[in-house]
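Student: Sharing a structure with you now.
The values are calculated or read from the model by the stated rules, or taken from the named source; none is laboratory data. Just so it is clear, the model here is predicted, and its values are computed rather than measured. Cβ: placed from backbone, ideal geometry, glycine included. Neighbour counts: every protein chain shown. Only protein heavy atoms, including side chains, enter the accessible area calculation; ligands, DNA and RNA are left aside. Shrake-Rupley method; radii C 1.70, N 1.55, O 1.52, S 1.80 Å.
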Amino acid sequence: MAFAPMGPEASFFAVVDQHKASLLATLSRGGGEPAGGGTRLASSSEVLASIESVIQDIITSVARNEAPAFTIDNRSSWENIKFEDSVGLQMVSHCTTRKIKSDSPKSVKNFALILKILSMIYKLVQSNTYATKRDIYYTDSQLFGNQTVVDNIINDISCMLKVPRMSLHILSTSKGLIAGNLRYMEEDGTRVHCTCGSTAVAVPSNIQGIQNLITDAKFLLIVEKDATFQRLLDDNFCNRMSPCIMVTGKGVPDLNTRLLVKKLWDTFHIPVFALVDADPHGIEIMCIYKYGSKAMSFEAHNLTVPAIRWLGLLPSDIKRLNIPRDTLIPLTKRDQMKLDSVLKRPYITCQPFWRKEMEIMADSKMKAEIQALTFLSSDYLSRVYLPNKLKFGGWI
């Protein structure tokens, strides 16, 4: 292994290693991953056949003098979502649907746009080429109106065809960053060597295409915010805690960052920890990595990592560390609504320790950013807080 760890002695990671052994034992019993776990892809022939089936239905409707329509699962309703501890949020098999009709003034444009993008996807898959969502938008920006329209249609198509989005040959521009003890090769043969230095590497746009991943990392740390991620790099945290990997999605994670975290978990099965603000927004971001989101529940098997543990910042840490109240921020009405919403979600019932932390936040009516730790010392996060959490098992 060409990595040159400069971190603590091996005994420092004893509790992390015990946690890894526990995770592996759960996996071996079949209790931590769905049958045939890991990323599930569709072959090019399967994608083409699915699109041809949809078009055949349209032709059949026209032949019968009926107005064609697309039938798409309703991704916006919690009624269509079920929860499994080993997978996260996923769509139920018989969920309510909505129709995109070609003879309705409200949906005819959307029908035409879906048909247009289906045609583009068919050509991409057939020719084994790729395009970004931005490329799709700029083929006719006036017609689409804005990027969000394209993004939603691509998700609808993926859901309608029951095909993972990455199998549609449409890529997203990555916003996430990765650093630490990791090497891999991209699809075009480019060798990427992430480092423990002050410079991070952009998360690849085609996670499906990366191969030959190599690491000796003891753990993977997901950092909610870019500012915190950069501060940890500046404080030499990766070297101090080497061997490790750090990832940030810069807030709400994009698809590629989630796919990368999932790929690292599937490949190495190392402990994955989350470092987020002690606020409802940070908790929800952690839940997206761990259990997925309602909007992408149809692709949960490819995106979620239920093994993720909450490392910090815990609301209980605020009191334990005697962080002054004047460094905290009052919960807004919007924060309280978000907190109430998260507390009602199905996965919280199997996370009593998470519920207790959120109730502490609700009772105090205060939230805290990770930066509140700088009151104790400028490098308290990287020098004291995180090392102690990792050494003594301070996660839930």
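Student: Are there helices (runs of 4 or more DSSP H) fully within the range 171-278 with at least 1 residues that are closer than 18 Å to Gly292 by Cα? List them.
Tutor: Numbers: elements: 226-234, 237-240, 255-268.
Hits in the range 171-278: 255-268.
Student: Specify which of the listed residues (Lys367, Lys391) is part of a strand (DSSP E or B) and in contact (Cβ under 8 Å) with a residue 60 or more places away in the chain.
Tutor: Lys367
Student: So which pairs qualify, if the first residue must be in the range 211-239 and assigned by the TED database to the domain that holds Gln371 and crowded, with 21+ Cβ neighbours inside 10 Å, the second must be assigned to a loop (DSSP other than H, G, I, E, B) and of a type in the set (Ser, Thr, Tyr), the Cβ gap must be under 9 Å, and the two must be at least 6 apart or on different chains?
Tutor: Once the first residue is assigned by the TED database to the domain that holds Gln371 and crowded, with 21+ Cβ neighbours inside 10 Å and sits in the range 211-239, its partners that are assigned to a loop (DSSP other than H, G, I, E, B) and of a type in the set (Ser, Thr, Tyr) give Ala217/Ser242; Lys218/Ser242; Leu233/Ser198; Leu233/Thr199; Cys238/Thr195.
Student: Looking only at the range 367-388, decide whether some residue is more than 27 Å from Ile81 (Cα to Cα), touching a strand residue (DSSP E or B) at 6+ places or on another chain (Cβ under 6 Å) and open to solvent by 10 Å² or more (accessible area, probe 1.4 Å).
Tutor: Going residue by residue through the range 367-388, those that are more than 27 Å from Ile81 (Cα to Cα) are 367-388.
Checking which are touching a strand residue (DSSP E or B) at 6+ places or on another chain (Cβ under 6 Å) leaves us with 367-368.
From what is left, the residues that are open to solvent by 10 Å² or more (accessible area, probe 1.4 Å) are 367.
Checked the range 367-388: at least one residue is more than 27 Å from Ile81 (Cα to Cα), touching a strand residue (DSSP E or B) at 6+ places or on another chain (Cβ under 6 Å) and open to solvent by 10 Å² or more (accessible area, probe 1.4 Å).
Student: Of everything in the range 279-307 that's touching a Lys or Arg at 6+ places or on another chain (Cβ under 6 Å) and over 21 Å from Leu27 (Cα atoms), which residue is least open to solvent (accessible area, probe 1.4 Å)?
Tutor: Pro280
Student: Test of understanding: among Leu264, Leu255, which residue is open to solvent by 10 Å² or more (accessible area, probe 1.4 Å) and in contact (Cβ under 8 Å) with a residue 40 or more places away in the chain?
Tutor: Leu255
Student: Taking Asp103 as the residue in question, decide whether it is more than 30 Å from Arg345 (Cβ to Cβ) and within 25 Å of the chain's Cα centre (by Cα).
Tutor: Against the criterion (more than 30 Å from Arg345 (Cβ to Cβ) and within 25 Å of the chain's Cα centre (by Cα)), Asp103 does not qualify.
Student: Would you kindly identify the helices (runs of 4 or more DSSP H) lying entirely within the range 37-154 that contain at least 2 residues that are out of contact with any Phe, Trp or Tyr (no Cβ under 7 Å at 6 or more places or on another chain) and open to solvent by 70 Å² or more (accessible area, probe 1.4 Å)?
Tutor: 44-63, 108-127, 133-138
Student: Also: So is Thr199 of a type in the set (Ser, Thr, Tyr), in contact (Cβ under 8 Å) with a residue 12 or more places away in the chain and within 25 Å of Ala14 (Cα to Cα) or not?
Tutor: Here the answer is no, as Thr199 does not meet what is asked.
Yes/no per residue for (1) charged (D, E, K, R); (2) under 27 Å from Lys218 (Cα atoms):
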site: Leu343; (1), (2): no, no
site: Pro346; (1), (2): no, no
site: Cys350; (1), (2): no, yes
site: Thr374; (1), (2): no, yes
site: Leu381; (1), (2): no, yes
site: Lys389; (1), (2): yes, yes
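Student: Moving to a separate point now. So how many residues does the range 308-361 have that are among the small types (Gly, Ala, Ser) and surrounded by 19 or more Cβ atoms within 10 Å (Cβ to Cβ)? Before you say what the answer is, go through the steps one by one.
Tutor: As a first pass, look at the range 308-361 and keep what is among the small types (Gly, Ala, Ser): 312, 316, 341.
Going one step further and asking which of them are surrounded by 19 or more Cβ atoms within 10 Å (Cβ to Cβ), we end up with 312.
Total meeting the criteria: 1.
Student: Continuing with this model, one more query. Residue under question is Met166, and the condition is that it be open to solvent by less than 40 Å² (accessible area, probe 1.4 Å), in contact with a Lys or Arg (Cβ under 9 Å, 6 or more places away or on another chain) and closer than 20 Å to Thr267 by Cα; does it hold?
Tutor: When the stated conditions are applied, Met166 does not pass them.
Student: Inspect the range 15-27 for any residue being open to solvent by 30 Å² or more (accessible area, probe 1.4 Å), at pLDDT below 80 and not basic (Lys, Arg) and give the result as yes or no.
Tutor: Taking the range 15-27 first, the residues open to solvent by 30 Å² or more (accessible area, probe 1.4 Å) are 15, 17-18, 20-22, 24-27.
Pick out the ones that are also at pLDDT below 80 and you get none.
No, every residue in the range 15-27 fails to be open to solvent by 30 Å² or more (accessible area, probe 1.4 Å), at pLDDT below 80 and not basic (Lys, Arg).
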